[in-house]
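What follows is a short report on a single structure.
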Amino acid sequence: MITTTIIAILALLAGIGVGYLILKLSNSRRFEYLELEAKAKAKAIEQEAEKLLQNAEVELKNRKFEAQKEINEKLEEAEKRNRNLILKERELEEKISQLNQKESILEERLQNIERIEAKKRASLEEDIKKLELVSSMTKEEAKEFLLQKVEEQIKQDLAVVTRKQIKIAQDDAKRRANFVLAQAVTRYAGEFAGERLINTISLPTDDHKGRIIGKEGRNIKTLEQLLGVDIIIDDTPGVIVVSSFNLYRRAIATEVIKLLVENGRIHPGRIEEIHSKVQEEFEQKIYEYGENVIIDLGLFPMHDELIKLIGRLYYRASYGQNTLAHSLEVARLARVMAAEMGGDEKLALRAGLLHDIGKALTQDFGGSHVELGAEVCRKYNEPPVVINAIYAHHGQEEPTSVEAAAVCAADALSAARPGARREVLESFTRRVKDIEDIASAHDGVSQAYAINAGRELRVFVNADKINDNEMSLLSHEIAKEIEEKVQYPGEIKVTIIRETRVTDFAR
């Protein structure tokens, strides 16, 4: 058993040794193969490196050649520029030399001129002395005489030029204005309302007059005090009259009295109750008026307070012209004019509608409707063009836009057209007198007459003092002075009339 085991062990050892020898031999061959393969690869790499080195040397030579070529070209270009600079420098030197020569010539000429001027001054002084002796006038007197003559001549020339320029400007302005007005008038013909100062209320019987008066006049006193109007009860059968300059109060008073008459119960408590109710209804009504106007014109959005004020213009009149109707007329005319002149139609429409918005506040707050209107529009964030139009339509500012200028023109048209407004006789007479006085105050004016309801001024001048050219200057001066000193709707035409009369007698 032991022997077998030993034999097996020896066999195993022998097998291991043989396997080791075989493995070593195999590895030795493998290492030789790998060595050969590595040497072959190293040789290939060496050959490739030599090839790359040769290519790099060739590329380096080519680059050196190109760089040398570029350097040579730049050197040639630099030499060429240097030659050009040298040539230009020589040209400049020649020009400087020529300028120096010309400068010396000019200096010599200036010296000659100075000598000649000195001789002329001496000669002129000598001539002046001779003239003073001959004319018996001093130098200052002669100078003043000449200046006066020159001034007269210049004035004549200026009058001729002014007359020509005014004629050109008038022709051009008339042509342009006629075109704009023709476009505006053909699209819109505004209606107007001549508001009366009284409202007449019919009564069922004359007994109602007594009820309205009340015991010891308590009812009529309450009505007049609460409504702010005058109630006239006279002998006219079945009629009483409500009188007030305030259209809004007059309308409320008329409605209150009608309701009292219909109800039959008239006493101070009932009067106050009906008045409160009617006033609330009118506040709602004026908002609806304003809202309807805004909807018709398409001017939303607009602040509610401005809408109320627009509605209130329905109960406001100026010179007998309903202010809301006037504002609508101005708005539509301004829109057409702005469209013709390339402006913003909607903005002109808005400015035209709001230009007299301050008139809705004057009866409650007093003051200028221009300032009140501008303040309320500024408060409710209206555009600057609207505020400028409010100021400009009464000349407190110059129009700064086409839209504002259109509003000014439209306002003048609406106010000036025949039948639009009624004026108090006293103010009309005063305005006519002021216009005539302004014209009569000018030198050379013999007579001045305001005709055509104060819209035209005819001025007769002395033919011996005013010539044809000076007439243009005089008419312009009178027109400007009227613009500055007189308030008037529309425009005033100034016509200068000059005639020469020669009289002789046959004996």
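Below are the figures for this structure:
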item	result
Estimated [θ] at 222 nm from DSSP helical runs (n ≥ 4, -39500 (n - 2.57)) normalised by residues in the chain, nearest 500	-25000 deg cm²/dmol
Interatomic Cα distance distribution for the chain, bins of 10 angstrom, percent	3, 10, 13, 12, 10, 7, 7, 7, 6, 5, 5, 4, 4, 3, 3, 2, 1, 0, 0, 0, 0
Of 331, 118, 162, farthest towards positive along the dipole that unit charges on Lys, Arg, Asp, Glu beta carbons give the chain	331
Set 285/359; 120/143; 465/493; 285/379; 346/485; 143/164 screened for pairs whose C-alpha atoms are more than 26 Å apart	346/485; 143/164
Within segment 218-315, trypsin sites (Lys or Arg not before Pro) in DSSP loop having at most 16 other beta-carbon neighbours inside 10 Å	265
Efficiency of FRET from Cβ geometry, residue 497 and residue 198, R₀ 45 Å, rounded to 0.05	0.50
Charge sum, other residues only, whose C-beta stays under 11 Å from residue 411's C-beta, Lys/Arg counted +1 and Asp/Glu -1	-2
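The numbers here are math on the coordinates, done by the rules we state, and not lab data. Computed from a predicted structure; not experimentally measured. Reconstructed Cβ throughout: ideal geometry from the backbone, glycine too, with neighbour counts over all protein chains shown.
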